[in-house]
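A short write-up of the structure that comes next.
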Amino acid sequence: MIDGLKPYPKYKDSGVPWLGEIPEHWGVRRLKTLLRERVEKGYPDLPLLAATQSQGVVRKEKFKNRTVLALKDLHQLKLVRTKDFVISLRSFQGGIEYARDQGIISPAYTILYPIDVKIHGYLAKLFKSYSYIENLKLNVTGIRQGQNIDYEKLSRSSTPLPPFPEQTAIVRFLDWADHRIRRVIRAREKRIKLLEEYKQALINQAVTGKIDVRTGKPYPKYKDSGVEWLGKVPEHWEVKPVKRFYEIQLGKMLQRTKKSDDDFFVPYLKAIHVQWSGINTYNLPKMWASTRELSEYSVRPGDLLVCEGGEGGRCAIVRDVQGTVIIQNALHRVRPREKASNDYLRYCMKSIANIGWFDVLNDKATIAHFTREKFAALEISVPPLPEQTAIVEFLDKQTKKLDTAISATRREIQLLKEFRTRLIADVVTGKLDVREAAAKLPDEPPEEEAESLNEEVKSKNDIEIRVPEYDAVSWEAKR
């Protein structure tokens, strides 16, 4: 259906730089001839609204992110009716918002409604297209955080306007395409969730001994670990505090000034540099440290760095480091003793994070800190070193496969989103003719039925909508 879309037979110059050529029979109108501004106040009892780029204009209680709540002078807020258009402080970044609820909103916003209600659907698509957002950027006043759209200027700008029957076809087609793309995206997101859950289960089973990775079967004998998060573990495994197997060093307090001639200005790592995916050791901030502190707090390849604050317990292995780098006191540096492996401990820490045990240990109801005392006392199950090595090798191999599949699926989602964005822009500006395609569209099944039809989407071949190989340059060349 989408692969067969083609440009219109004939085009003309719109005279509008951001719009370029448009179909020969399309019109161009100034925005002020299509919309009227709504400036109605005095409705303090109506619900407060929030203008969002992701959800449109909705009631504040529906919007999950924090928004400033107006508690006085509600009669000064502007009335917004359902299906109005709202120019907010961020419209120049993501388009003009569409009102899904009736209520009141900041007087700083511009409220618009179409003179002819029939063109509402087309304008709603046009105003959120990236092509039109480029037009909005031409009508911005102010600098940095003070930027806003000058509606007086915008109202004089030109807007494409196809004949009304064609507007109906455009809206019908884009709604159809959007529904299907969203369903495929949801199916891909579900796949990612299942892969992530499987990876977590695999790690948990391996580091708690529920399965012998060398045989793929459970161990022959188990014992009660006495530790809540571990449960039963293989009989020959040890269950002891981390401090029995590892040396833990908390980082240095930040030193901004030089205290002696022996101090060195050196790069340091803090919690934000340590993620589960790895450690950033480039372009680091610097602090002053003495010769003794360089030795005490420096890192080397193979060290495990564990976050003390923030997401306490998050950790990663230092794989590469250039020169002398130390750690701030938001991090623990961990080095294994004779019978231990940092790579094995990293997987143990990931398992603990997966089940939410760090949230319990860190007491997130107050100020979360995974202190050295908590870390040192954390009990883990530790098999003999050869088994630790086997577990690490198994998990490295399996999680790499899973991570590759997850990354590929995320890329598919990104491509689908990019395709949807490009498709909308190309259709609403007349780069693609959808009249024939819209006329052939089947009736939409109920949402519940549509969801079930896509429940079993498992591979790229199952995608109902393929991303076609086309771009504006090729169309220009064909014309």
Inset, instruction - For every other residue with a beta carbon closer than 12 angstrom to the beta carbon of Gly302, add +1 if it is Lys or Arg and -1 if Asp or Glu, then tell me the sum. - result: +2
Legend entry - FRET efficiency for Thr215 and Ser295, using Cβ-Cβ distance with R0 set to 41 Å, rounded to 0.05: 0.40
Legend entry - Relative contact order of segment 27-161, pairs being alpha-carbon contacts under 8 Å that are 6 or more residues apart, as %: 32
Legend entry - Over segment 27-161: Kirkwood hydrodynamic radius from C-alpha pairwise inverse distances, Å: 15.1
Legend entry - Per residue convex hull volume, Cα atoms of segment 322-441, in Å³: 272
Legend entry - Ala108-Asn280 pseudo-label distance in nm [points 7 Å out on the Cα-to-Cβ vector]: 2.9
Inset, instruction - Enumerate the residues in segment 281-304 having an amide nitrogen under 14 Å from the point lying 7 Å beyond the Cα of Asp396 toward its Cβ. - result: 302-303
Inset, instruction - Pull up all non-local amide H partners of Tyr246: gap of 5 or more, or a different chain, and H-to-H distance under 5 Å with H placed in the peptide plane. - result: Arg337
Legend entry - Inter-label distance, nm, simple model (7 Å from Cα along the C-beta direction), Lys118/Thr389: 7.9
Inset, instruction - Note the full-extension length gain between Thr404 and His75 as 0.36 nm times their separation in residues minus their Cα-Cα distance, in nm to one decimal. - result: 112.9 nm
Inset, instruction - Using only Cα atoms, locate the centre of segment 93-156 and the centre of segment 381-401, then give the distance between them in Å, rounded to an integer. - result: 55
Inset, instruction - State the extension gain, in nm to one decimal, for the chain segment bounded by Gln414 and Val227, taking 0.36 nm per residue of separation less the distance between their alpha-carbons. - result: 63.1 nm
Inset, instruction - Distance from a point 7 Å along Cα→Cβ of Lys259 to each backbone N in segment 291-324: keep the residues under 17 Å and list them by number. - result: 291-298
Legend entry - More than 18 Å apart - percent of Cα-Cα pairs taken over segment 193-341: 66
Inset, instruction - Mind computing the radius of gyration and Dmax over the alpha-carbon atoms of the chain? Å is fine for both. - result: 29.6, 81
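Rule-based calculations on the coordinates, nothing more; no lab input. Computed from a predicted structure; not experimentally measured. Note that each Cβ is placed from the backbone with ideal geometry, even for glycine, and that neighbours are counted across all protein chains shown.
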